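Asker: The following block contains the structure, expressed as structure tokens.
The values are calculated or read from the model by the stated rules, or taken from the named source; none is laboratory data. Since the model is a prediction, treat every value here as computed from it, not as a measurement. Cβ atoms come from the backbone with ideal geometry, glycine included; neighbour counts cover every protein chain shown.
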Amino acid sequence: MSKSALFLFCLGSFTLLFGAEDYAQAVRYYEKKAYEKAFPLILKEAQKENRAAQYRLALMYENGYGIQADSEQAMQWYKRAAARFEYMQREAREEENASVLSHIIKQFGNDSIQRGNE
């Protein structure tokens, strides 16, 4: 499984786990190509900063699924989804860096960090 596919799977799972039943229903509609039913539910979740919904909404605007195709709206939603993803990546990197730093200090002591800065 590619990293992007794994990310989308995890993102979708995260969304479903945290009480977005409307969004789960929207995804079912979308998968059945009932776009007119999916659109308002996906829009509602996208406005709540749900990255998966923002991405799916961009696809809908781009391809005219359940709504008239609108490349400007599609680009706006793609950008919002990407911005949220970029923030998540930065946050994950910061957590990973802190974890690595903690591991180095445990292994080699605090002096190893200070010596590296001299």
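Asker: Being at pLDDT 70 or above and in contact with a Leu (Cβ under 9 Å, 6 or more places away or on another chain), is that true of even one residue in segment 105-115?
Answerer: The answer is no, given that none of the residues of segment 105-115 is at pLDDT 70 or above and in contact with a Leu (Cβ under 9 Å, 6 or more places away or on another chain).
Asker: Determine, yes or no, whether Tyr29 is modelled with pLDDT of 95 or more and touching a Lys or Arg at 6+ places or on another chain (Cβ under 6 Å).
Answerer: Answer is yes for this residue.
Asker: Further, regarding this structure: Only one of these conditions is not met by Gln68: (1) closer than 20 Å to Ala24 by Cβ; (2) at pLDDT 95 or above. Which number is it?
Answerer: (1)
Asker: In this structure, is Ala53 free of Cβ contacts under 8 Å to residues at least 24 places away in the same chain, surrounded by 14 or more Cβ atoms within 10 Å (Cβ to Cβ) and hydrophobic (A, V, I, L, M, F, W, C)?
Answerer: In short, no.
Asker: What is the residue count in segment 36-46 for residues that are within 15 Å of Lys79 (Cβ to Cβ) and surrounded by fewer than 20 Cβ atoms within 10 Å (Cβ to Cβ)?
Answerer: Count: 0.
Asker: A further question on this structure: Do we find a residue being at pLDDT 90 or above and surrounded by fewer than 17 Cβ atoms within 10 Å (Cβ to Cβ) anywhere in segment 75-90?
Answerer: Looking for residues that are at pLDDT 90 or above and surrounded by fewer than 17 Cβ atoms within 10 Å (Cβ to Cβ), one finds at least one in segment 75-90, hence yes.
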